[in-house]
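The values are calculated or read from the model by the stated rules, or taken from the named source; none is laboratory data. Computed from a predicted model, the values in this text were never measured in an experiment. Cβ placement follows ideal geometry from the backbone for every residue including glycine, while neighbour counts extend to all protein chains displayed. These area figures cover heavy atoms from the full protein model, side chains too; ligands, DNA and RNA do not enter into them. Shrake-Rupley method; radii C 1.70, N 1.55, O 1.52, S 1.80 Å.
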Amino acid sequence: MQKLTEKILEPARELPVIHETDLCVVGGSCTGAFAALRAARLGLRVAIVEGQNCFGGVATNAMVNIWHSLYDATGENQIIAGLTEETIERLKKRHAITVKNSRNHGHNPAYFILNTDELKIELDEMLTEGGVQPFLHTLFCMPYVRDGELAGIIVENKDGRGVILAKVFIDASGDGDLAARLGLETFYANRLQPGTTCAKIARWSDVEKFYDLSKLYSEHRQEYDLPETFIWGAELPGAIDVHMLSASRVSMDMSKAGQLTAAEIEGRRQVRAMMDMLRRYCPNADPVLVQLPSSIGVRETRHVRCQRHLTGDELLRGMQFDDAIANGTYPADLHHPNGAGITLMYLDGTQRLACPGLPTKESMWREPMEEDPKFYQVPYSAMLPQGGQFPNLIIAGRMIDSDETAHAAIRVMINMNQTGEAAGVAAYLAMNGSVGFAEVNTDKLRQILRDGGSAVQ
Ligand SMILES: Cc1cc2nc3c(=O)[nH]c(=O)nc-3n(C[C@H](O)[C@H](O)[C@H](O)COP(=O)(O)OP(=O)(O)OC[C@H]3O[C@@H](n4cnc5c(N)ncnc54)[C@H](O)[C@@H]3O)c2cc1C
């Protein structure tokens, strides 16, 4: 990268107001889309701004197609519902989802494999039915602050720059772009989880039938300049012999433009290297690369400093919060940025270190408890930016305030979806009560979430 210091002054110019609304959501993953839909169903006028060509975020743009269990660790009680469940039911009608059963350390008795292209269309339909105003291929650029208040956002799309004015805002950009450009305090974990370029590969079954992929990878990866990693994947519901493979591992800060560019190229290089390796060392298989994602999958970038910093210890010991807006059981899933494999930390106190080519190591991450927690909770206060300079802003999604371990658990979509729904309902309450997000009555928030189908406890 060139190191340039010269600066130029962009001439001041008038920008058209292209839209005026109650709520503006920045970022259109399921987190943002569910925030928008919840608020719209409660009567707010809502706009949603997404840089890519579709809604769904990592699920659609990065082709990550697994939603985990909606049940607690016993498998008896449903702890997640709301728009996640509604979307699952809608996808079932289109044969676009497979329900899987597994007993993984007493957790995740069932999980779901999605056809994420069908999910794209489903989200279009859901947002259209909800009357949400979509802006696709539209990038949030800068906040518009008027008299010290967040009054709008400046966006850029094929029409050039324009302003969307709104009364309340949800930053669901994953990277916390709106919060960061407002100058709010943000931070990065010491070890950022790496990103992954997924790939859809056809004629996959012969690879699995004849070869031990993990062993093969660990034996030959260095010949192809491939990093130590963790390999997983999933079939595509209904598709014959197509596999979604998640194997590449790119450790960069993808909230920075230069590193994001480099990460995209490195992720694709790793996919090609993997294909070359398979062709050479799997002579009885003939896999074909059929699709790459429109974006590398980003697991973690910046977090926004919020009223509460959620720790892994609180989370995995099952701390209950008065302002809880989401439940989960997915283990802390730490993809090590500079080393082999992943560590999974479970609510029952066990942990597993899984590395390709090596036996899985099991141990306890904590001493035994009288009773293991059945699920964990995410508090609303971890979504409220500290300082309160911009009381009409809330954040939802992977940038919420959490430490490395808590983030590793809550980052999965069934959890993030709930933060979106909570932010959408909170937007309605903030607007209706003419209060800031921090003043929203959390009992009411939780009640409206329940009334709208969520399983908040
Ligand atoms: C490779 C990989 C595998 C994973 N596996 C699983 C799994 O199996 N199951 C699971 O549940 N979770 C999984 N996760 C985690 C999960 O997908 C993410 O943590 C989750 O999607 C984060 O949601 P989010 O809404 O915070 O962010 P994102 O999904 O990243 O969404 C952010 C959205 O904002 C948009 N955006 C960003 N900046 C701007 C801007 N300036 N202007 C306009 N739009 C903008 C982006 O285009 C994107 O659509 C995985 C993640 C990765 C990367």
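Couple of notes before you dig in:
- Pairs beyond 32 Å (Cα-Cα), from LYS209/LYS256; LYS92/LYS209; LYS7/LYS120; LYS3/LYS158; LYS167/LYS200; LYS3/LYS120: LYS209/LYS256; LYS7/LYS120; LYS167/LYS200; LYS3/LYS120
- Region 76-97 and region 366-424 have their alpha-carbon centroids 21 Å apart.
- Farthest toward positive dipole pole in region 110-196 [+1 Lys/Arg, -1 Asp/Glu at C-beta], among ILE154, ILE170, ILE121: ILE154
- Using θ = phi - 60° and Karplus 6.51 cos²θ - 1.76 cosθ + 1.60, couplings along region 254-268 (whole Hz; Gly, Pro as x): 7, 8, 10, 4, x, 6, 5, 4, 4, 5, 4, 5, 5, x, 5
- Taking the helices alone, the chain has a mean residue ellipticity at 222 nm of -8500 deg cm²/dmol, built from -39,500 (n - 2.57) per DSSP H run of at least 4 residues and averaged over all its residues.
- Region 301-344 - accessible surface per residue (Å², probe 1.4 Å): 31 Å²
- Taking amide hydrogens as placed 1.01 Å from N in the peptide plane, the amide H of ALA326 sits under 5 Å from those of VAL378, each at least 5 positions away in sequence or on another chain.
- Whole-Hz couplings from phi, Karplus 6.51/-1.76/1.60, listed for region 423-438; x for Gly and Pro: 5, x, 5, 5, 4, 4, 5, 5, 5, 5, x, 6, 10, x, 4, 6
- Cα-based shape type of region 129-184, given that a ≥ b ≥ c are square roots of the gyration tensor eigenvalues and the cut on a/c is 1.5: rounded
- For region 27-40, 3J(HN,Hα) per residue [Karplus equation, 6.51 cos²θ - 1.76 cosθ + 1.60, θ = phi - 60°, Hz, x = Gly/Pro]: x, x, 5, 4, 4, x, 4, 6, 4, 4, 5, 4, 5, 5
- Modelled FRET efficiency - R0 41 Å, VAL99 with GLN389, Cβ distances, 0.05 increments: 0.35
- Cα-based shape type of region 255-361, given that a ≥ b ≥ c are square roots of the gyration tensor eigenvalues and the cut on a/c is 1.5: oblate
- On the basis of the beta-carbon distance and an R0 of 41 Å, ILE8 and THR311 show a calculated FRET efficiency of 0.40.
- Beta bridge orientation in the chain: antiparallel %, DSSP, nearest 5: 75 percent
- Added length on full extension, which subtracts the Cα-Cα distance from 0.36 nm per residue, ASN190 to GLU371: 62.0 nm
- Zone of THR360's modelled label, taken as backbone nitrogen in region 235-254 under 18 Å from a point 7 Å along Cα→Cβ: 235, 246-247
- Ligands, DNA and RNA left out, the accessible area of region 199-291 computed with a 1.4 Å probe is 51% carbon and sulfur.
- Distance between modelled label sites at GLU208 and MET319, nm, 7 Å Cα→Cβ extension: 4.0 nm
- Amide N of region 157-192 lying under 13 Å from the label point, which is placed 7 angstrom from the Cα of GLU404 along Cα→Cβ: 188-192
- Pairwise FRET efficiency - ASN53 versus LEU15, Cβ, R0 = 30 Å, nearest 0.05: 0.80
- Spin-label zone in region 354-381 - amide nitrogen under 19 Å from a point set 7 Å from the Cα of ALA438 along the C-beta vector: 379-381
- Amide H partners (placed H, <5 Å) of GLY436, local residues excluded: none
- Averaged over its residues, region 199-291 has an accessible area of 49 Å² per residue, based on protein heavy atoms and a 1.4 Å probe.
- Long-range amide H partners of ASN77 with built H, under 5 Å: ASP72
- Rounded to the nearest 10 Å², the accessible area of TRP232 at probe 1.4 Å: 60 Å²
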